[in-house]
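Written out below as structure tokens is the structure these notes cover.
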Amino acid sequence: MDLEIRPIGLTMATDLAAVYQENRDFLQPYEPVRADAFFTAGGQRDNIRTMVTAMRAGDRWPAMIYLGDRPCGFITLNTILRGALQSARVGYWVAEKDGGRGVATRALGIVLDVAFCELGLHRIEASVRVDNPRSKRVLEKNGFSTIGIARRHVFLDGAWRDEYLMERHAPPIRNYGQ
Ligand SMILES: CC(C)(COP(=O)(O)OP(=O)(O)OC[C@H]1O[C@@H](n2cnc3c(N)ncnc32)[C@H](O)[C@@H]1OP(=O)(O)O)[C@@H](O)C(=O)NCCC(=O)NCCS
């Protein structure tokens, strides 16, 4: 599989808008409510500017997933916390037509390498709707374990949803402070 993870940049606005638009209905149960402008190149330029600012501040690490030169998804390290925590939260999606080929599993593996080896983080957290076993499997295949269920954790698709909270630690040799 010719998979690449490319940190986000303004030149990707048209690509990102197109893949969001194509997958609008597919992603709706997992995404916050989006204005129509979000699905346009202009809306994505604004979105990317915000992401790049956060990336430069060290708060986020957002990237597009490509199969060859074709964009097919998105993956982000959010809420990067330094100090005593050295943690982040990960979120991702893969275009409906590219599902079932291991794209999310590979992309998450690459981003965990970035998190632990390049950014020096210690712990990555994820939350996944209890009715999304496919994404839970992606996390488990990447070494995440379940902490528990957070009740009414996130407002998605018109209701407060229960989610599994999951975590993965850096291999011991990379642990902060050692
Ligand atoms: C969830 C998502 C990221 C999966 O992407 P993907 O590229 O298809 O995932 P992969 O192919 O790497 O792996 C999917 C795994 O789930 C398994 N799976 C698929 N449907 C399943 C189901 N109903 N129950 C359990 N496992 C399931 C697959 O068999 C595969 O595991 P395997 O390799 O052991 O066979 C993608 O469907 C998506 O973006 N969904 C909408 C947004 C979303 O859910 N984002 C994550 C929010 S936490």
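Hand me the trypsin sites (Lys or Arg not before Pro) from the range 1-88 located in a DSSP loop with no more than 12 other Cβ atoms within 10 Å, in residue order please.
Taking the range 1-88 and a limit of 12 other Cβ atoms within 10 Å, no loop trypsin sites (Lys or Arg not before Pro) are found.
If you take every residue apart from T105 with its C-beta less than 14 Å away from the C-beta of T105, what net charge results, scoring Lys and Arg +1 and Asp and Glu -1?
For residues surrounding T105, the net value is +4.
Report the FRET efficiency, 1/(1 + (r/R0)^6), for D69 and D36, where r is their Cβ-Cβ distance and R0 is 22 Å, rounded to 0.05. Kindly include the intermediate steps, with their values, before the conclusion.
Working: r = 28 Å, r/R0 = 1.25.
With R0 = 22 Å, the Cβ-Cβ based efficiency is 0.20.
Would you please report the Å³ per residue occupied by the convex hull of the alpha carbon atoms in the range 15-89?
Numbers: hull volume 8.0 nm³, N = 75.
So the per-residue hull volume is 107 Å³.
Multiply the residue separation of A159 and E140 by 0.36 nm, subtract the distance between their alpha-carbon atoms, and state the gained length in nm to one decimal.
Details: separation 19, 0.36 × 19 = 6.84 nm, distance 2.59 nm.
Between A159 and E140, full extension yields 4.2 nm more.
Using just the helices of the chain, give the 222 nm mean residue ellipticity in deg cm²/dmol: DSSP H runs with n ≥ 4 each add -39,500 (n - 2.57), and the total is spread over all residues, rounded to 500.
My calculation for the chain gives -8000 deg cm²/dmol from helical runs alone.
In percent, how large is the relative contact order of the range 27-178, given Cα pairs closer than 8 Å and 6 or more residues apart?
Averaging sequence separation for qualifying contacts and normalising by length gives 19 percent for the range 27-178.
From the square roots a ≥ b ≥ c of the eigenvalues of the alpha-carbon gyration tensor of the range 64-178, which class results: rounded (a/c under 1.5), prolate (a/b over b/c), or oblate? Spell out each step's value before the answer.
Values: a/c = 1.88, a/b = 1.14, b/c = 1.65.
Judged from the Cα gyration tensor, the range 64-178 comes out oblate (a/c at least 1.5, b/c at or above a/b).
Rule-based calculations on the coordinates, nothing more; no lab input. Note that the structure is predicted; figures quoted are calculated from it, not measured. Here Cβ is always computed from backbone atoms with ideal geometry, including for glycine, and neighbour counts include all displayed protein chains.
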